[in-house]
1. Picking from Ser7, Ser14, Ser61, which residue would you name as being open to solvent by 30 Å² or more (accessible area, probe 1.4 Å), part of a helix (DSSP H, G or I) and among the small types (Gly, Ala, Ser)?
2. Can you name the residue in the stretch 566-591 that is in a helix (DSSP H, G or I) and touching a Ser or Thr at 6+ places or on another chain (Cβ under 7 Å) and, of all such residues, is farthest from Gly269 (Cα to Cα)?
3. Take the residues of the stretch 382-417 that are open to solvent by 10 Å² or more (accessible area, probe 1.4 Å) and of a type in the set (Val, Ile, Thr): which is farthest from the chain's Cα centre (by Cα)?
4. Quick check on Tyr296: is it buried (at least 21 other Cβ atoms within 10 Å of the Cβ), free of Cβ contacts under 8 Å to residues at least 60 places away in the same chain and at negative phi?
5. Could you please let me know if Asp77 is within 24 Å of Glu25 (Cα to Cα) and open to solvent by less than 20 Å² (accessible area, probe 1.4 Å)?
6. Only one residue in Gly522, Gly531, Gly543 is surrounded by 17 or more Cβ atoms within 10 Å (Cβ to Cβ) and either over 25 Å from the mean Cα position of the chain (by Cα) or not in a loop (DSSP other than H, G, I, E, B) (or both), so which one is that?
7. Can you tell me which residue in the stretch 108-139 is farthest from Gly54 (Cα to Cα), limited to those that are part of a loop (DSSP other than H, G, I, E, B) and open to solvent by less than 10 Å² (accessible area, probe 1.4 Å)?
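The values are calculated or read from the model by the stated rules, or taken from the named source; none is laboratory data. Note that this is a predicted model, so its numbers are computed, not measured. Neighbour counts run over all protein chains shown; Cβ positions are idealised from the backbone, glycine included. These area figures cover heavy atoms from the full protein model, side chains too; ligands, DNA and RNA do not enter into them. Shrake-Rupley method; radii C 1.70, N 1.55, O 1.52, S 1.80 Å.
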Amino acid sequence: MKVDIDSLNPLLLSVEKPSRYTGGEFGAPDLKEGKLNFCLCFPDLYEVGMSNLGIKIVAESLLERGFCADFCFAPADDFGRGLKKLGVPLYSLGLKKPLAEFDFLGFSMQFELSYTNLLYMLDLAGIPFLREERKKGNYPLIAIGGPCAVNPEPLADFVDIVFIGDGERVDADVCELYIKHGGATQEFFAAASKLDGVYIPELTAPVYNGGKLTGFSGISKVKKAQLNELDNTPFPKKFAVPNCESVHDRAIVEVMRGCYRGCRFCQAGFIYRPVRPRGVDTLTAQACSLISSTGYDEVSLNSLSTGDYPDLRGLLKSLKSSLPAGTRLALPSLRVDSFEGDFAQDSRKVSLTFAPEAGSQRLRNVINKDVTEEEILRATESAFDQGYSAVKLYFMLGLPTETDEDLKEIGKICAYIKGIYRKKPRKKQLRITVSCSTFIPKPFTPFQWEEQISKPLMEERRRALIDGMKVKGVILNWSDDFTAELEAVLARGDRKLSRAILCAYKNGCKFDGWDKELNKEGWKKAFDEAGISTAEYTRGRSGDEVLPWDFIDIGVTKKFLLAEKKRAYAGEVTGSCKTSCKGCGMQKSCPAAKGEK
């Protein structure tokens, strides 16, 4: 079946941004059904999903194996309601094929607050939410991947397969097994479960004693999929250019995967280890291909810390000599201590973002953010000399061991930055924006055992921040308390949360990551209906407690994480893996541990 897009014209003409739903993007492949049909689903709006590089890389890996790889994004409420009213199922962009008719639906879970959108998309597709219910009919297999997959338990009742780690090969390997075993047979699931990076929720069950998680039955260890190098792995030679402006409307290359730094709050820095850089020649060829095929005039050099790329100057030189004249290079993830003015000289000089994360040196040592105040000020001065007149500073509130004195230091940093700007005559007035997010203890970090800060204490911390901000004109922003609590609950949740997520969706919750869409009362009611106490998930935990994600092996040992937590409370900086191996557990597969650069 194919959805007749022309028949949807009246609906398309009545909704905001109808181009989200028509397909036909410039540069999109002319798709045909293959030996297996896989739809990559992104549980957020089109303009967010079209900016995601990960799903494009996975799609390329599937296409190279001869599979069909299509896309679908969560429709805004106006179009979703319209489809329901017309009785038209949610469909893919390329083939206009109903999602229920694919073999696989693979959801990229980038953010915990998109969990209800997975159910929203299944609902619009006419696919039962629960895995057990789908066994009664002929439905596609539901898979998830992405950073949230490292703790898949809150979604375990909804999905058939979880991809953990690098997806370039394992996703396609599972599809090969699906064909070999004649579909979703017991033999297929058994074979798939033996692959690194594949978790089959039906084959693992949490064990509780008196309501407390005590272990896991069935398959009790799942190792993440890991590529040892990236130069010879799939990467798209061209991108489909979005029909409407996307969040990141430019060409994107991934300069390296992983991070040397080991910031103790940062989940990505641990789950994406080890660091694997792409070669200068590889990146130059990828960037040139994307620019020539899309018409973009800007290339974004993406990674967790682009300034740590082993030969950044060589890469920039190669790109500038190979790309068309006038092509801008964006380096969106430069750390304060790796920023140099000439690294950003081709970018739009509107606003530069730095993330000191903590106001005082003491607290930066606690979180292993090995950045000094002197480096912060030197970087901002360099930025001002390059023509920047606006600085955004990101901090976290509620970090372990945080005091009011740490927060007052944020105001002092802003005062110093303002003083630096005034040292020389500048054409524009300085704008400083301070954004403070709530610290959330995430799985597979040294702080995964920490308590989420309470709302009353958070309010006290904000007052301390405001009292210490003596600089006029600084714009202060902070995250919503309920949103932060919800994210923490979902991030550290177990399989019991599946019921709460289902109740929340039935209560009207979706697009929970969007401030205007967050239905707080719907979530509160859902937790009550499911018998869930959020305090059980935001509380502190002991080092010997069984955690819902303990059966997943990301390569970094729990022993190392506990040692890092101990060093945090001692105020000790571990430093970067670039300087020496820290013994996290990945020594056998880490290029840096072997002395490679």
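1. Matching residue, one of Ser7, Ser14, Ser61: Ser7.
2. Taking the candidates together, the pick is Tyr569.
3. Within the stretch 382-417, the match that is farthest from the chain's Cα centre (by Cα) is Thr403.
4. Working: buried (at least 21 other Cβ atoms within 10 Å of the Cβ): no; free of Cβ contacts under 8 Å to residues at least 60 places away in the same chain: yes; at negative phi: yes.
It is false that Tyr296 is buried (at least 21 other Cβ atoms within 10 Å of the Cβ), free of Cβ contacts under 8 Å to residues at least 60 places away in the same chain and at negative phi.
5. For Asp77, the condition - within 24 Å of Glu25 (Cα to Cα) and open to solvent by less than 20 Å² (accessible area, probe 1.4 Å) - is not met.
6. Of Gly522, Gly531, Gly543, the one residue that is surrounded by 17 or more Cβ atoms within 10 Å (Cβ to Cβ) and either over 25 Å from the mean Cα position of the chain (by Cα) or not in a loop (DSSP other than H, G, I, E, B) (or both) is Gly522.
7. My answer is Ile127.
Residue-wise test of (1) open to solvent by 30 Å² or more (accessible area, probe 1.4 Å); (2) farther than 30 Å from Ser589 by Cβ; (3) of a type in the set (Asp, Glu).
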residue: Ser292; (1), (2), (3): yes, yes, no
residue: Leu301; (1), (2), (3): no, no, no
residue: Arg313; (1), (2), (3): yes, no, no
residue: Arg328; (1), (2), (3): yes, yes, no
